[in-house]
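Here the structure is laid out as structure tokens; the discussion comes afterwards.
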Amino acid sequence: MIRRWDNFDLGGRNTFRMRVCCACYIEYDTVEDLRSIEPCSLPQPLLCMGEGSNLLFTRDFPGTVLRSCINYMKYFDVGAHEVLLAAGSGVKWDALVAKTCADGLWGLENLSLIPGTVGAAAVQNIGAYGVEVKDVIAGVTCLDLQTRGKVAFKVGELRYGYRDSLFKDPAFKGRYVITGVLLRLSRVPRPRIGYGALKEVFGGCAPASPEAVRQEVIGIRRKKLPDPESIGSAGSFFKNPVVSALEFAQIASGYESVPHFLLDGGLVKIPAAWMIEQCGLKGARRGGAAVYENQPLVLINASGMATPEEILALEGEIIGAVRAKFGVELHPEVEHI
Ligand SMILES: Cc1cc2nc3c(=O)[nH]c(=O)nc-3n(C[C@H](O)[C@H](O)[C@H](O)COP(=O)(O)OP(=O)(O)OC[C@H]3O[C@@H](n4cnc5c(N)ncnc54)[C@H](O)[C@@H]3O)c2cc1C
């Protein structure tokens, strides 16, 4: 079934709660429904959207939002150790993680409580606590809006990187609508608990089950991140900047210690949250927008009524302050529409 609304208020459909309208909003339940939609007949441009948890609408959207409500989850046994899980792109990501953990399957537990849909998870290559979804994706099925044909990609074809994929490449963006994702899960314990807070919690002891890891991840996230039900945000607003060894040495010379992660090729990743805090902007409030007190990487709609202009002004202030203090350019992780 297809449901269509014109001049649709997106305020309740994006986690930042930006009160903007789109010219047309369409929900579809199946791949065939999607295929029956004639893209050229719709207000342009087209935007695929899940729960809008990685988007900042900067103004009214003149085109059509396409929302997948393709909802299925189906296991396929592949031997004693492995299970494949096929899921529709409209499934809520955390509902999928909850199910796999309850079923005793390993692979997704570190990615618990991330807002959004299964389809967008494959676009974003979502990640948390040392795991990225590309580590468990086997393949992705799409509808090609240009040819109206079904396309199946293997994980190796999807050019996954840090919060990046083929679907974000401007050459392909808007062309492929993800309809389903195939995930490779393990019956054999494969805990990934070597990262940050999880390492501290388990202290080197093997967790009893994926559910045990999930509950710890949920506990850690609830302390650090705003609950989308009560505070509007889009999670981490900025990407963590990557600098050369020389640039890092220059920055580090001014501090007793600088948190960092060493990358291949002598590059160094510095937490943007630390830089924002050093600029004195942790908790800063500008009109309805603010830097989240518990995690400065997150910008929030503090009043519940913040406008896109207020969020954009705070974003600009942070970028300018980090540039002036460290000579480093911050780039938003949140997609601006
Ligand atoms: C409180 C909070 C915490 C967060 N924590 C994390 C975290 O730990 N790790 C992390 O990686 N992210 C995190 N995020 C960001 C966000 O949850 C993810 O990026 C999520 O995958 C977005 O899902 P969505 O359904 O809301 O997608 P949207 O924001 O609606 O869309 C994201 C992108 O996917 C595209 N898209 C959506 N559906 C489809 C489809 N069917 N076909 C093709 N393209 C599509 C959109 O066009 C857009 O480019 C967090 C966000 C919030 C609000």
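The values are calculated or read from the model by the stated rules, or taken from the named source; none is laboratory data. Computed from a prediction, not measured in an experiment: that's the story for all the values here. For neighbour counting, all protein chains shown are included, and Cβ atoms are generated from backbone atoms with ideal geometry for every residue, glycine included. Each accessible area value is taken on the protein alone, full model and side chains, heavy atoms only, with ligands, DNA and RNA left out. Shrake-Rupley method; radii C 1.70, N 1.55, O 1.52, S 1.80 Å.
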Which of the residues that make up segment 259-314 are of a type outside the set (Asp, Glu), part of a helix (DSSP H, G or I) and under 23 Å from the mean Cα position of the chain (by Cα)? Ala272, Ala273, Trp274, Met275, Ile276, Pro308, Ile311, Leu312, Ala313, Leu314
Determine whether Gly287 is surrounded by 14 or more Cβ atoms within 10 Å (Cβ to Cβ), touching a helix residue (DSSP H, G or I) at 6+ places or on another chain (Cβ under 7 Å) and on the phi > 0 side of the Ramachandran plot. yes
With the condition kept exactly as written, say whether any residue in segment 192-209 is touching a residue at least 24 places away in the same chain (Cβ under 8 Å), assigned to a loop (DSSP other than H, G, I, E, B) and within 9 Å of the ligand (Cβ to nearest atom). no
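In segment 228-259, which residue that is exposed (fewer than 14 other Cβ atoms within 10 Å of the Cβ) and under 29 Å from Leu312 (Cβ atoms) is farthest from the ligand (Cβ to nearest atom)?
Among those residues, the one meeting the criterion is Pro259.
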Cβ contacts < 6 Å: first residue part of a loop (DSSP other than H, G, I, E, B), restricted to segment 117-134; second residue of a type in the set (Gly, Ala, Ser), any location; separation 6+ or different chain. Result? Asn125/Ser165
Of the residues Thr117, Thr141, Thr179, Thr100, which is among the polar types (S, T, N, Q) and more than 14 Å from the ligand (Cβ to nearest atom)? Thr100
Checking Cys48 against (1) surrounded by fewer than 19 Cβ atoms within 10 Å (Cβ to Cβ); (2) under 30 Å from Leu299 (Cβ atoms), which test does it fail? (1)
Residues in segment 5-13: is at least one open to solvent by less than 40 Å² (accessible area, probe 1.4 Å), assigned by TED's automatic domain parsing to the domain that holds Arg59 and at pLDDT below 95? no
Total residues in segment 54-80, condition part of a strand (DSSP E or B), modelled with pLDDT of 95 or more and either open to solvent by less than 10 Å² (accessible area, probe 1.4 Å) or not aliphatic (A, V, I, L, M) (or both): 12
